Amino acid sequence: MSRSGVLAAALLLGACAGFASDPSHAQAVAAATGCPQFHCTPEATGIMSQPIVGSASLASTITLSDASLGTLHAQGCSGNGKLLACLADPPPGTRGILKIIDTTTRPTLKVIHTDGSFASSKRLVASWNNGQVPFMFSDGRVGAGDARSYKIYDFTKAIPRMTSAALPWPAPQGATTLGLTDLSNGYGVVARTDGVLTFIKMARGTVVGSLSLAGQNGEPVILNSPPSASNGVLYAVAKGDAGYLFAVSMDGNAAPTTWNWRYANAGKISASPVDVSPSESGYSKTLVLLAVSDSDLGTPQLLGILDNGSSATVQWYIQLAQNLPVTPSVDGINRRVYFMYQNGHKVYEYPLYVGGSAPVANATGKSYDLQALAGMPDLHFNGHIGAIQSGLASDFTLLLAGTTSSSGPSSSQYMVAFRPNPAPGAAWATMVSAEAARATGAWNLSPSSTPGIYCPLLVEVGTGGGTGPGSLALMCDH
């Protein structure tokens, strides 16, 4: 398929009731601190806005891996800078999938709430997707979903409460819920892997409509990962007869309209789309970053796609050495995108803005060797990439996780903080555990001993060399 022929015609794939801006939205946004939703922001940029402690201040690693937590998967947790909300398979003989954890308790972190305290009809069931993280609202509520419903829990009350939004049923066997994406206009979308999108009012958690996505030939599609959103538009990656990037627009009172961009892909894309606003990219339209596992050139690529409103244009592309297993991170101030390869040791930086006639090769990137910068000759990445952007261009800091055997006979787990600016960059590392995790999930924050400064917190999946249930590791100064 040629590059000029990959754009699909705009399709109206469904509609639901008209949507106006919801005046009660003010109290329904995500928490302002930490990483309160999938990849921290609606746009899935992976950015947290609070500064973190320096390496010299990290005195101890506080963990939670006891029987009260259960088995963590993939992303694992969201957070509001003090509390974590995690989804985990409960240990045998216990109940409760949603766990609320206080990160300020010592000598270990403590589970303080769980949906297991509710009647069985109000608890989550096993049909939640391991790519989902709970949504933490600014008013203290916490949302999470299974295939049948999206539940919003309020543990701030003397008697905890729960409201439930029913999702379209029946669903195909094996369908799971990917979580809630905030459209930033008073509404949110609960996405399910069978391509069903359910629209809810963020303030009340009530359903206002649903939409079933379909491929260009009317075929059913499977959503691969949690969607992202920017300026009222939801972006979702799906697999049907080919790969699709769907954009669902909800503007004012108009019914949702859907366009899709078809790309030549025969496999599964695990990384969610990342949305970049015009002020951050330099373009006049939203730029959507999409990693595809193959293309018309037969090699993996990272695409920079401009949203034209009812179609898409591939503005630029980056040739990749291998598939990207995790979503890139964006530095909007310096207009850069960063990514890394699984089991690699280099971080790659490319500009967000590339001029010229589309599509143009984005070939002006550079790489940073973290083995050299961190002084760890055996470092290899094994998890997600997160970032801190607390205001100044020079503050941008990437959070990485990696394994190394340089400190002993077995591979150990490390966190690495990398600041690319000013050149040539600087990095520091802290050991998390003596044995490496199978993988690492979402990054979060917890208060340090200095007000306004935070400590990084890492989700470990498959601890103890990969066979354990996982744990939470907080690298802090107290």
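Once you list every other residue whose beta carbon is under 12 Å from the beta carbon of Val189, what net charge do they have if Lys and Arg are +1 and Asp and Glu are -1?
Spelling it out: positives minus negatives among the neighbours equals +1.
Cut-off is 10 Å between beta-carbons; in what order do Lys157, Lys201 appear when sorted fewest neighbours first?
Ordered by Cβ neighbours within 10 Å, fewest first: Lys157, Lys201.
Could you work out how much longer the chain between Lys82 and Ser390 gets when fully extended? Use 0.36 nm per residue separation minus the Cα distance between them, nm to one decimal.
Here the segment from Lys82 to Ser390 would lengthen by 109.1 nm.
Averaging over all projection directions, find the projected area of the Cα convex hull of the chain and quote it in nm² with one decimal place.
Computed as one quarter of the Cα hull surface, the answer is 21.5 nm².
At 222 nm, what helix-only mean residue ellipticity would the chain give, in deg cm²/dmol to the nearest 500, using -39500 (n - 2.57) for each DSSP H run of four or more?
The helix contribution divided over the chain gives 0 deg cm²/dmol.
For the pair Ser311 and Ala363, what calculated FRET efficiency results from E = 1/(1 + (r/R0)^6), where r is the Cβ-Cβ distance and R0 = 25 Å, to the nearest 0.05? Show your work: numbers first, answer last.
On the way: r = 26 Å, r/R0 = 1.02.
Once rounded, the FRET efficiency stands at 0.45.
How long is the gain from Asp139 to Gln342 if the chain were fully straight, where each residue apart is worth 0.36 nm and the alpha carbon distance is subtracted?
Values: separation 203, 0.36 × 203 = 73.08 nm, distance 3.66 nm.
Roughly 69.4 nm would be gained on extension.
Calculate the spin-label point distance for His478 paired with Ile333, positioning each point 7 Å from the Cα along the beta-carbon direction, and give it in nanometres.
2.6 nm
Can you pick out the pairs among Lys151/Lys285; Lys82/Lys346; Lys110/Lys201; Lys99/Lys201; Lys122/Lys239 whose Cα atoms lie more than 26 Å from each other? Can you show the working numbers first?
Numbers: Lys151/Lys285 34 Å; Lys82/Lys346 31 Å; Lys110/Lys201 32 Å; Lys99/Lys201 24 Å; Lys122/Lys239 32 Å.
As for pairs spanning more than 26 Å Cα to Cα, those are Lys151/Lys285; Lys82/Lys346; Lys110/Lys201; Lys122/Lys239.
Take the Cβ-Cβ distance between Ser449 and Asn217 as r, set R0 to 45 Å, and report the resulting FRET efficiency rounded to the nearest 0.05.
The value I calculate is 0.15.
Pull out the extension gain between Ser120 and Thr94, defined as 0.36 nm times the separation in residues minus the alpha carbon to alpha carbon distance; nm, one decimal.
Using 0.36 nm per residue and subtracting the Cα-Cα distance, I get 8.1 nm.
Only the coordinates and a few stated rules stand behind these numbers; no lab work does. Owing to the predicted nature of the structure, the values given are computational and were not obtained by experimental measurement. Neighbour counts run over all protein chains shown; Cβ positions are idealised from the backbone, glycine included.
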